[in-house]
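The values are calculated or read from the model by the stated rules, or taken from the named source; none is laboratory data. Computed from a prediction, not measured in an experiment: that's the story for all the values here. Note that we place each Cβ from the backbone using ideal geometry, even for glycine, and neighbour counts take in every protein chain shown. Accessible surface is based on the protein model in full, side chains and every heavy atom, while ligands, DNA and RNA are left aside. Shrake-Rupley method; radii C 1.70, N 1.55, O 1.52, S 1.80 Å.
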Amino acid sequence: GLKKQKTLSIIGAATRAEMAKYYLWADIVISRAGANTVYELGFLGKVSIFIPIPWVERNEQTENAQVLENLGIAKILPQDSLSPESLVDELEKIFSNWESFVKKTTSAKKYFGGRAQEKIYNIITALA
């Protein structure tokens, strides 16, 4: 079951090695939704709340976040809806359905693990 711990870490800038440690340590990640971040969190199967940057061209951060949301391991909280209350509400929704989120992390890991290799192989064989 879910263990309630009163540990919260807020990390601004971090090195790659530090981020790897934080990702492995975290139960939930609250983050922007850049392509690398979404891929890393999906590959690790981390439950996430994404707050996409609203001013990026073509709304790409929202599209990135939708991949994990569609896999059932993330929620998107638009920045214009962000408040302390809305963030706590999203966290409470996740924790109240924690087992459901955790079950879906395996699918997310499979989705991200090896897909790049398969795509590269398909591109190369199509060109050959």
To the nearest 500 deg cm²/dmol, what mean residue ellipticity at 222 nm is calculated for the chain from DSSP H runs of n ≥ 4 alone, each contributing -39,500 (n - 2.57), summed and divided by the residues?
-17500 deg cm²/dmol
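Heavy-atom accessible area per residue, the chain, 1.4 Å probe: how many Å²? Intermediate results must be reported in sequence, preceding the final value.
Values: 9000 Å² over 128 residues.
In whole numbers, the chain has 70 Å² accessible per residue.
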Tell me the angle of helix 115-127 to the major Cα principal axis of the chain, expressed in degrees between 0 and 90 and rounded to the nearest ten.
20 degrees
Over all distinct Cα pairs, what is the inverse of the mean 1/r for the chain, reported as the Kirkwood hydrodynamic radius in Å?
15.8 Å
What size of dipole, in debye to the nearest 20, comes out for the chain about its Cα centre when the only charges are +1 on Lys and Arg C-beta atoms and -1 on Asp and Glu C-beta atoms?
560 debye
Percent of accessible area on the chain owned by carbon and sulfur, 1.4 Å probe?
54 percent
Just name one of M19, F112, Q61: the one whose Cα is farthest towards the positive end of the charge dipole of the stretch 17-128 (beta-carbon charges, Lys/Arg +1, Asp/Glu -1).
F112
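Among 79-89, 31-41, how do they line up from the highest to the lowest mean number of other beta-carbon atoms within 10 Å?
Working: 79-89: 10.5, 31-41: 18.2.
Ranking the peptides 79-89, 31-41 by packing returns 31-41, 79-89.
Taking every pair of distinct Cα atoms and averaging 1/r, then inverting, what Kirkwood hydrodynamic radius in Å comes out for the stretch 9-53?
Numbers: mean 1/r = 0.0934 Å⁻¹.
Evaluated on the stretch 9-53, it is 10.7 Å.
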What is the angle, in °, between the Cα long axis of helix 98-112 and the longest principal axis of the Cα atoms in the chain? Nearest 10 is fine, range 0 to 90.
20 degrees
Can you tell me the 0 to 90 degree angle between the C-alpha axis of helix 60-70 and the longest principal axis of the chain, rounded to 10?
80 degrees
